[in-house]
Structure formats: structure tokens, C-alpha cells
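Accompanying notes for the structure given below.
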Amino acid sequence: MIIGAAFAFGWTPCIGPILGVILTYAGMLENVNRGVALLFVYSLGLGVPFLLTALGINHFWRVFKRIKKYLGLLEVTSGIIMVILGVMIFSNKLTLIQSWLPFLNKFAL
């Protein structure tokens with residue numbers, strides 16, 4: 001029951017541990033303004049992705065309705081691509097993609 005309440009109030013495995021560290025670090029700072037700034041930036045980092053998601057969800061649903069009839073084909077095609085990539089990785093031939101798609105070289109690190 002306690003774990004369920006913790007998750008309901010936002011204490012998740014991905015946010016909870018770092019939140020404790022951020023709050024402890026901000027509380028230990030001698031400069032209060034710097035601690036408040038740190039907490040503000042942390043809050044923005046958590047909030048902005050959710051706000052952007054909320055703003056873009058209507059556009060997503062419009063696009064989803066248009067491609068809904070092609071989902072079966074998309075699943076099969078992506079599955080075939082994954083199997084081909086898996087075989088290429090297993091056989092150590094993944095570098096062949098460079099010769100097939102040379103325009104991807106400009107994105108290499």
C-alpha cells in the first residue's frame with residue numbers, strides 16, 4: 001500500500017533516487033539562490049517534456065488515424081528489418097550498411 005501511494009505521488013524508480021540527491025544537494029548549498037535555481041532547472045527538466053507531449057497529442061492522434069490502416073504492413077516491415085539487422089550483427093556484416101547507404105556517413109561520429 002505504501003509503495004502504491006509513493007508511485008501515485010510521483011516517486012518512481014526513474015525520478016525518485018535523483019530527486020532525493022537534488023534536494024539534498026540544493027539544501028546543502030550555502031547560496032540559497034543557487035539552490036532555488038537548481039531546483040527550478042530540475043523542475044523544468046521534468047515538466048517541459050510532459051507539457052510538449054500534452055501540446056502535441058492532438059497532432060499525434062490526427063496522424064495516427066491516417067496511418068492506422070497501414071499498421072499491419074508497418075509491423076511486418078519493421079519486423080523484417082529487425083531480423084535482417086539481427087542476422088547482420090550476428091554474422092559481423094553490419095558495416096555493409098555503409099556501402100548500401102553512403103549518405104548516412106555524414107551522421108557518423
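The values are calculated or read from the model by the stated rules, or taken from the named source; none is laboratory data. Small disclaimer: the values here were computed from a predicted structure and weren't measured. Virtual Cβ from ideal backbone geometry, glycine too; neighbours counted across all protein chains shown. Surface areas here come from the heavy atoms of the whole protein model, side chains and all, with no ligands, DNA or RNA. Shrake-Rupley method; radii C 1.70, N 1.55, O 1.52, S 1.80 Å.
Could you look through region 32-66, keep only residues that are of a type in the set (F, W, Y) and farther than 16 Å from I18 by Cα, and pick out the one that is least open to solvent (accessible area, probe 1.4 Å)? Among those residues, the one meeting the criterion is F64. Checked against (1) over 30 Å from V21 (Cα atoms); (2) exposed (fewer than 10 other Cβ atoms within 10 Å of the Cβ), L96 passes all but a single condition, namely (2). When the test is whether a residue is surrounded by fewer than 13 Cβ atoms within 10 Å (Cβ to Cβ), at pLDDT below 85 and within 17 Å of the chain's Cα centre (by Cα), P13 passes it.
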